[in-house]
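Structure first, then comments.
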Amino acid sequence: MPRPPRPNVPHRPAGKPAPRRVAKAPPAEPRLLMLNKPFDVLTQFNDEQGRATLKDFVAVPGVYPAGRLDRDSEGLLLLTNDGRLQAQIADPKHKLAKTYWVQVEGEPNAEQLRQLREGVQLNDGPTLPAEARLLEEPQLWERNPPVRFRKSVPTAWLELVIREGRNRQVRRMTAAVGLPTLRLVRVRIGPWSLDGLPPGQWRELPPQL
């Protein structure tokens, strides 16, 4: 039986490097926005199921999120039209610190705080050490809908600072030490802080890190 013809694949001579990818030119007018993302809003601009998205709050063409913030989390989200700035903010290799205020179920003890500070074992490997401390209840906006509490179980607030970007990492970390997260608000990324920005509102920032 005759062999089928080989596909016509261009051959690269031995020793010749592969063609380099050309970096995308930066935008003529770089932009960086800070949004206080409300609870129950997807960190994307479209949703086929009709759920709330960034399009409901940010009417600026060409920008996209620098990193993610879960639908059930609130707070600081950065958006930019500059791919290089987006990578500097979002890529975990840059280890940009992200600060969260976390309402947990239970009363954290010294051992639980130590575990968070030294690194927690998750199903995708141990986390890097985090900064963790008890926090007086912060003055925040009312969440809609409100957090559901169990009257028989006390709650507390923590401030957690991490330098990774795993999926639902903070919630998984607190759960791993026996402190389920009830409310999660990101208040700072690197040098940028919410600074009283109301939920659903955005502010323009200098487009640089």
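Below is a table of values for the structure above.
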{"read-out": "Heavy-atom surface of the chain, accessible at 1.4 Å and reported per residue (Å²)", "value": "63"}
{"read-out": "GNM top mover of ALA87, ALA97, ALA28 - the chain, alpha-carbon springs below 10 Å", "value": "ALA28"}
{"read-out": "Cα-based Lys pair tally, the chain, threshold under 23 Å, eight or more apart or on separate chains", "value": "4"}
{"read-out": "Carbon plus sulfur fraction of accessible area for the chain, probe 1.4 Å, in percent", "value": "51"}
{"read-out": "Alpha-carbon centroids, the range 21-68 and the range 96-131: separation in whole Å", "value": "29"}
{"read-out": "Of all DSSP beta bridges in the chain, antiparallel share, percent nearest 5", "value": "90"}
{"read-out": "Inverse mean reciprocal Cα-Cα distance (Kirkwood Rh) of the range 151-209, Å", "value": "14.2"}
{"read-out": "Gaussian network model of the chain, springs between alpha carbon atoms under 10 Å - residue of GLU159, GLU136, GLU48 with greatest fluctuation", "value": "GLU48"}
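The values are calculated or read from the model by the stated rules, or taken from the named source; none is laboratory data. Since this is a predicted model, take the numbers as computed values, not measurements. We work out accessible area using only protein heavy atoms, side chains counted, and drop any ligands, DNA or RNA first. Shrake-Rupley method; radii C 1.70, N 1.55, O 1.52, S 1.80 Å.
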